[in-house]
Structures are given as structure tokens and as C-alpha cells.
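J.: Here's a structure for you.
The values are calculated or read from the model by the stated rules, or taken from the named source; none is laboratory data. Owing to the predicted nature of the structure, the values given are computational and were not obtained by experimental measurement. Cβ sites come from the backbone with ideal geometry, for glycine too, and all protein chains shown count toward neighbours.
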Amino acid sequence: MDERAIETDVLVVGGGGAGLRAAIGAAEKGVGVLLISKGSAARSGASLLAGADLTLDGKSLHELGFPGDPRDSKQKFFNDIITQGFYLNDQRLVEVYVEEAPKRVKELLDWGVKVNFSEERAIFTSGSSILSALLRRSKEVGVDIMDDVMLLDLFVCKGKISGVLGLNIKTGDLITFRSKAVVLATGGWHKAYFPNAGSRELSGDGVAAAYRAGAELGNMEFVTFCCNVLLWPPKWCGIIFPYLLHLLVGGKLINSKGEDFLSKYDPTIVKFGTSTEWNKSFVSIATALEVLEGRGSPHGGIYYEIGDVSWEEFESCVTKYYPKWKYKGIDFSELGKMLKEKKPVEVGPAAEYFEGGIVVNEKFETSVSGLFAAGECTASLFGANRVAAATTEMLVEGAIAGESAAEYAKKVDMPRIDKKNVVRLEKKVLTPLTREGGVKPAELKRKIQRMAHEKLGPVRNREGIEEFIQFIEIIKKEEIPKLYTTTKSRRYNREWIEALELENIVQVLEISAKSSLMRTESRGVHYRLDHPYTDNNNWLKEIIVKRVNDEIRVTTRPITITKTSPPSGVIPYMEMMKKMMEAHSEIGGHH
Amino acid sequence: MSLKNIKVKVFRFDPTVEKKPRYQIYMVPLTEGMTVLDVLDYIYENVDGSLAYYGHAACRHGICGGCTLVINGKTCLACQTPVYEDVIIEPPPKSKIIRDIVYTKQSRRGSHE
């Protein structure tokens, strides 16, 4: 065996914003920190693809020297996040979010992040700008970084975390990391879906590993689908540019019959649901219903048009935000031409954000000693629906998780890793390389992704979810154990990586589907055609999942309330959505 | 729908078992708007799963720099380079090859925004 063993006080898993901020938080406390990143740290993960907006209350924003809205307050922002989340949020986490957001934004400015524009309660910059600043800072405080290392599993010894088994993707070496504490900042499981708006490596590795290690997961039924995401041609599939255009500039959405299908909904819902980030839940559901009822485009979406404005007016507005039609590193002048010539631009919902994940408390401790989590891989901050920024989430949660992990690491001795566990795990991860034939990882990936979008997408029903659970059970039994790689080389073997990822994808999808089946109501981004109402009498609780004797144990816990009491009664879903939108404070902007 | 078939010539090399690099030719059905990264994905998913290219964490937005390759002799980002004709795909000159067109330090961590 050519495995190596590396020791560190705190091991951070994830090279996006949450991981880097956690690493900084831990290193500033004076402990040794090593960060492993599945791609290149600061140049991978969903943070890189973020718009990127950072939300904080307008008063604090005003005090930082931006226009902001001085009438805003932390309390108003708190209330809005709770109603946007349909009251399912853990209010302790929301308090932390609104309280810490201004500090995190201020330090980013101190670390050199440039702001492109600002509004009532948000500033806009780029994901790469935030990540570059965090990377510079992490180097200043002595964080060690290893790129292209995938988390395979967590080691637990006598109920406490003792380290991680990692794979150096480039060399194929298995690496044992021994650490006092581990912070998971592994993001969502976008790769379980097609289309998705994430970066390619996000396959729920951290969430699945935490589950295997005995940590609790929660709210796994809630998946945000970004609306108006490009579906065609393939090179653009999953890119959210028209989503931004529709939100910032305007335009019109039509179905295959040429109808302005949003006009059949309540005007208040349409107003909030197109002019703020409420659009992700509302427009995605409305789009999925058009597709389901046979009025969709060839690739499962609808069409985006510039609407009732002149081309000159539209283009001048677009290029104010995106000079020369350049969005991130992409030249979208070709899309501009398509819009100008009124050629069809197919857009639709794509998996973008995962409200559920690893259960944490306000110190970002999980239910396993020594295991911490931050960012999108955690549960409960945004409840059933996220409107405020996940970029602020990653910074706030990362900072605290890193500090908590460092404090914990100072108090414990370097744990032992049972050699037998290492050998057993290594043997398991190497098996796809030993099979001579069977199931091709890329084929299985495609099959699962399409099925997940169809049955566990923006619109669900019992029949579909049950069918999906059966589908996953068969895959677990008959296909996962047959995954094989064409080449047996361990050096950058993408089929091997995908075979390992698929186990995690299947695990999180199974948990998500079981949670979705259990929640017999519609709330936030979980919309059930067979239960089209929000049931505040029975469902103001979170679904919590834990591994017990190798089985998925599904239970519930009451929502965590610190300040704001939820409504009661059973309310038709669209009516509930309207109520939640109308409950918003007078503060404008997109959040 | 495929427009035509193109010939894709790819640099291949496993330094642990091979003495020198070789080139392999794949036939790929060209579709509308295909990029070099789409071509590599097509080969990996449909023709030859053994091909190594930096695809597991490619951002596809022209930001990460992970897919930097030499395409028809010119250094480009594979995800932002359109393909219309036959194409030759190689690693940057003098790079230390991990396997095929994956090489050491793939990301520049530069900003393209």
C-alpha cells in the first residue's frame, strides 16, 4: 500500500467559501489547520459560481458606507428570513446569521473584495473575488492546502472523530488524515441532478460521510431549483445567466403555446416571485407545471424573451451589468444575438441549492464529537426556502465552525485511528478498479440524474416519490456493486472518482426521497401535487434522519423558536406563499 | 442532432507504464455549439472511459482555469473553445504529465472576471 498518513489539529474539507473561512477561523485561534479541496481551493465549488450577492441588514450596510436602507434592522431581516423559510428555520441559526453578517462582510472588504454594486440589503461582487480574498487571508494565517483531494470517509473512534480517508485524485494515492477535529464544508449534491447549476464536483460527499459516521441529517426534502437556467445548447446547460437577466433587467417567460403563463397566477405572487429571489421557488414550480401539462420546450423548460421593450433599451440595461455580454468567463454575445433575433432561448429549473444537510447547533457542532459543519452542507438556517444569500451563510457559519473546531482541538489529545478500519475502507474504495466489466459510472450517473429531476424535482407526488425510492433500491442492490473502470490505473481515473461519488449520490437521494415522502404537505420549495396545502397544524417540524444499525431511521423534531411564533391552520400552498411574501418588511431589493 | 463527424486527435501518456506519449484518434459526432470540453466529455462518456482530462471539477464558466489545454497548437480554456472541424488536443508544452492531458498544477487560480 502506498498510502500516506498526515496529522493536523483541524482538518477542513472543502475549498469553497465555507471551508476557507473555517480554516481561517481555526488558524486564527492558533491551531494547525489543513484544508483539503476536491478541486482547486478557491477555484472550485458552488461559491465560485455565485452571482455573487452578500446579504446583510440595510442599516449595517449603511453604516459600512454603502447606500443600504437605514430603515432596515437585524430584527426585520430576521423576520423576513423566517417567513421566506415558511417558519421551518432553526431561529438560533437565523439569529447568528443576521448578527454576524455585517462583521463577515466588513472583513471581506478589509481583505480586498471589490463591490460592483449595492442595493437595500445586499452588495454584489463575484464568487472568485471573495474566494481570492479568503485564499490570501488563509495563507497569511498559515493554513496548509491540498488541492484535488476527495473525501472518501470519516474515521470515528469511540464516538469521536479521529480523521479522514482521502483520495489524491491526480496520483490515485489514498491518504489517511489523523486529526482532532474535522470541519465539513462540502456543499450540496448538485451532481445528483440533471440539469444542475452547481460545479461538477458537488456530489454530497460530506453529507453522505457524515451520515455514515452517525451524524444527524435534516430537512433533506428541500431542494431549491434555480429558475430560468439555460437548457440548450449543452455547453450552456446549467448556467444561470438568463435567471440574472430576468431578475435584474426583465423579460418575459412563455410556454410552447406562446402564452405568458405566469399571468394566470395571483399578481402579488408574480410581483414578489419575479422581482426578488422568491423567483427560485415560484417560477420553478410554475415552469415545472407547464412542462408536466405538456406545454414545455423540447429540453424540459420554457422560453425566455426580452418582452415588451425595445432591443436597444434591453441591451443597454444588460451591458450595464455585464459589459459586452460577458458573464464570468463566458462571452454571451451569441445569446444576445439569439434574443435580438427572437430565436428560442430554452430555460428551466435546475438544482441549485440544498436547504437540508447536516444538523448543527449555533456553534456548528454536529451530533458526532469533533465533527463540525458549515455552509450549504448544513441544515435548517433557511428552513423550507432560501431567499437571502448563501454566500453570507458560508462566511458566517465557516467562521464559527472553524473557531469551535479549534477550541475543541485544544482540549483533546490526538486520536487514534484503528488500522483495521483503514484497511477495510481502502479495500472497499479500490473495488471498482478490480472489476473487469459491469456498469459504467457515466451511464449510471446520467440515468440517476434524469430520474431525480423528474421524480424529485420542483413538483412532486406520492406515486413519483415511491417510484423513485424503488428505483434507488434497485440501483443500490444491482448497479452500484457492479460499477467498474475501463482502465485500472489509479492516476486521475475519472471513472473511479465517479463510481465513488455515485455511492454518495445514491445515499443522499434515498434520504431526500424518504423525507419527501414523509412530508405530506407543501412548504417552501417542497411542492406536492397530492398535498397542495401547507399544514401548519401537523408539519411545523423538521424531518431528521440518522443511520441506526445500517438502516435509515426517520424521525421528526419540533421547529426551534427563539423569537417569532408560527401561524396555525391548513392553508392552500399558493395562498400560504402569498401570505409569506406579504409578511415581508418594507425593505426593498431582491431579498 | 449531429452536424457531421469530426476527427479528434488526443495526446495520451501514462508515465508510469509508457516510455513516450502517443496520439489517439476518436470520431465524435459534432453537435451545435460544442466546445472542446463537450468533445472530451463525449469521448469519456460514450467512447473511452479511460481518457484522463481535468473534468471532475471543471467550472464550465471560464473561471477556474482547470481545463487549460493546447488546442490546435494554441493555449485555450477547453470549456470556452468552440469546435467546428477536426481538432488536436494536447497538454501545455513542458508540463509534467499525470496521465494523458492531466498535468501538475492545472489551476492558475487567476481571475477571468
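J.: From the list A:ILE240, A:ILE145, A:ILE161, which residue is of a type outside the set (Gly, Ala, Ser) and within 30 Å of A:ARG528 (Cβ to Cβ)?
T.: A:ILE240
J.: Okay, next question. I'm told A:GLU201 meets every condition in (1) buried (at least 24 other Cβ atoms within 10 Å of the Cβ); (2) assigned to a loop (DSSP other than H, G, I, E, B); (3) in contact with a helix residue (DSSP H, G or I) (Cβ under 7 Å, 6 or more places away or on another chain); (4) of a type outside the set (Lys, Arg) except one. Can you identify the failing condition by its number?
T.: Failing condition for A:GLU201: (3).
J.: Taking the range A:546-575 as the search range and keeping residues that are within 16 Å of A:ASN79 (Cα to Cα) and of a type in the set (A, V, I, L, M), which one is nearest to the chain's Cα centre (by Cα)?
T.: Looking at the filtered set, the residue picked out is A:ILE559.
J.: Does at least one position in the range A:112-127 carry a residue that is in contact with a helix residue (DSSP H, G or I) (Cβ under 6 Å, 6 or more places away or on another chain) and closer than 29 Å to A:ARG212 by Cβ?
T.: So far as the range A:112-127 goes, no, none of its residues is in contact with a helix residue (DSSP H, G or I) (Cβ under 6 Å, 6 or more places away or on another chain) and closer than 29 Å to A:ARG212 by Cβ.
J.: Next question. Picking from A:LYS76, A:LYS29, A:LYS38, which residue would you name as being part of a loop (DSSP other than H, G, I, E, B), in contact (Cβ under 8 Å) with a residue 40 or more places away in the chain and more than 14 Å from chain B (Cβ to nearest Cβ)?
T.: Step by step, each of A:LYS76, A:LYS29, A:LYS38 is checked, and only A:LYS29 is part of a loop (DSSP other than H, G, I, E, B), in contact (Cβ under 8 Å) with a residue 40 or more places away in the chain and more than 14 Å from chain B (Cβ to nearest Cβ).
J.: Quick check on my filter: what residues within the range A:199-228 are in contact with a strand residue (DSSP E or B) (Cβ under 7 Å, 6 or more places away or on another chain) and within 13 Å of chain B (Cβ to nearest Cβ)?
T.: Matches in the range A:199-228: A:ASP205 only.
J.: Kindly indicate whether A:PRO267 is surrounded by fewer than 19 Cβ atoms within 10 Å (Cβ to Cβ), within 14 Å of chain B (Cβ to nearest Cβ) and without any contact (Cβ under 8 Å) to a residue 24 or more places away in the chain.
T.: No; evaluated as a whole, the condition is false for this residue.
J.: Could you list, in sequence order, all residues of the range B:1-34 that are closer than 18 Å to A:ALA442 by Cβ and either part of a loop (DSSP other than H, G, I, E, B) or in contact with a Pro (Cβ under 6 Å, 6 or more places away or on another chain) (or both)?
T.: B:MET34
J.: What about B:ILE89, is it in contact with a Phe, Trp or Tyr (Cβ under 8 Å, 6 or more places away or on another chain) and facing chain A (nearest Cβ under 7 Å)?
T.: Against the criterion (in contact with a Phe, Trp or Tyr (Cβ under 8 Å, 6 or more places away or on another chain) and facing chain A (nearest Cβ under 7 Å)), B:ILE89 does not qualify.
J.: I'd like to know if the range A:398-410 contains one or more residues that are in contact with a Cys (Cβ under 8 Å, 6 or more places away or on another chain), under 21 Å from A:VAL183 (Cα atoms) and among the charged types (D, E, K, R).
T.: No.
J.: Can you tell me how many residues in the range B:92-107 are assigned to a loop (DSSP other than H, G, I, E, B) and more than 8 Å from chain A (Cβ to nearest Cβ)?
T.: Of the residues in that region, 7 qualify.
J.: Let me ask something else. Out of curiosity, is B:CYS79 free of Cβ contacts under 8 Å to residues at least 60 places away in the same chain, at negative phi, facing chain A (nearest Cβ under 8 Å) and not in a loop (DSSP other than H, G, I, E, B)?
T.: Yes.
J.: Separate question: All but one of (1) farther than 24 Å from A:ILE123 by Cβ; (2) modelled with pLDDT of 95 or more; (3) of a type in the set (Val, Ile, Thr); (4) surrounded by fewer than 22 Cβ atoms within 10 Å (Cβ to Cβ) hold for A:VAL309; state the number of the condition that does not hold.
T.: Result: A:VAL309 fails condition (2) only.
J.: Taking B:CYS59, is it within 9 Å of chain A (Cβ to nearest Cβ), part of a loop (DSSP other than H, G, I, E, B), touching a residue at least 24 places away in the same chain (Cβ under 8 Å) and farther than 19 Å from B:PHE13 by Cβ?
T.: Spelling it out, it is not the case that B:CYS59 is within 9 Å of chain A (Cβ to nearest Cβ), part of a loop (DSSP other than H, G, I, E, B), touching a residue at least 24 places away in the same chain (Cβ under 8 Å) and farther than 19 Å from B:PHE13 by Cβ.
J.: Here's something else I'd like to know. Condition test on A:VAL270, is it among the β-branched types (Val, Ile, Thr), under 27 Å from the mean Cα position of the chain (by Cα) and part of a strand (DSSP E or B)?
T.: no
J.: Turning to a different aspect of this structure: For the range A:479-495, which residues satisfy the criterion of being within 30 Å of B:TYR103 (Cβ to Cβ) and either out of contact with any Gly (no Cβ under 8 Å at 6 or more places or on another chain) or free of Cβ contacts under 8 Å to residues at least 60 places away in the same chain (or both)?
T.: Once the filter is applied, which keeps residues that are within 30 Å of B:TYR103 (Cβ to Cβ) and either out of contact with any Gly (no Cβ under 8 Å at 6 or more places or on another chain) or free of Cβ contacts under 8 Å to residues at least 60 places away in the same chain (or both), the range A:479-495 yields A:LEU483, A:TYR484, A:THR485, A:THR486, A:THR487, A:LYS488, A:ARG494.
J.: Can I ask one more? The conditions are (1) β-branched (Val, Ile, Thr); (2) more than 10 Å from every other protein chain (Cβ to nearest Cβ); (3) without any contact (Cβ under 8 Å) to a residue 12 or more places away in the chain, and B:VAL17 fails exactly one of them. Which is it?
T.: (2)
J.: Let me ask you something else. Among the residues of the range A:229-245, write down those that are touching a Leu at 6+ places or on another chain (Cβ under 7 Å) and more than 14 Å from chain B (Cβ to nearest Cβ).
T.: A:PRO242
J.: Scan (1) more than 23 Å from A:GLY356 (Cα to Cα); (2) modelled with pLDDT of 95 or more; (3) of a type in the set (Gly, Ala, Ser) for the single condition A:GLY159 breaks and write down its number.
T.: (2)
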